[in-house]
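Chemist: The structure that follows is given in the form of structure tokens.
What follows draws every value from the coordinates through simple rules; no lab data is involved. As the structure is a prediction and not an experimental result, all values here were calculated from the model.
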């Protein structure tokens with residue numbers, strides 16, 4: 001009985017160390033992937049959410065102005081050729 005308890009203690013200790021090392025490994029892997037993602041975003045010069053919202057508002061305003069100008073152009077009279 002004493003030997004089986006010793007074996008179980010050794011096995012549980014190995015399992016605990018394995019779980020701890022696997023958690024450390026996953027945490028390290030996640031941090032590496034996050035840093036790679038940040039590098040890619042920096043290289044691509046992507047905008048943040050706030051900047052994107054501001055730019056989309058500006059585009060909407062410009063599109064409305066263009067639509068108004070196009071409506072004015074369409075309303076102008078065309079002269080008939082004789």
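Chemist: Projected area of the chain, taken from the Cα convex hull and averaged over every viewing direction, in nm²?
Modeler: Taking the Cα atoms of the chain, their convex hull projects to 11.9 nm² on average.
Chemist: Moving to a separate point now. Which value, to two decimals, describes the C-alpha radius of gyration of region 1-45 once divided by 2.2 N^0.38 Å? Kindly include the intermediate steps, with their values, before the conclusion.
Modeler: On the way: Rg = 19.5 Å, N = 45, 2.2 N^0.38 = 9.3 Å.
Compared with the compact-globule rule of thumb, region 1-45 sits at 2.08.
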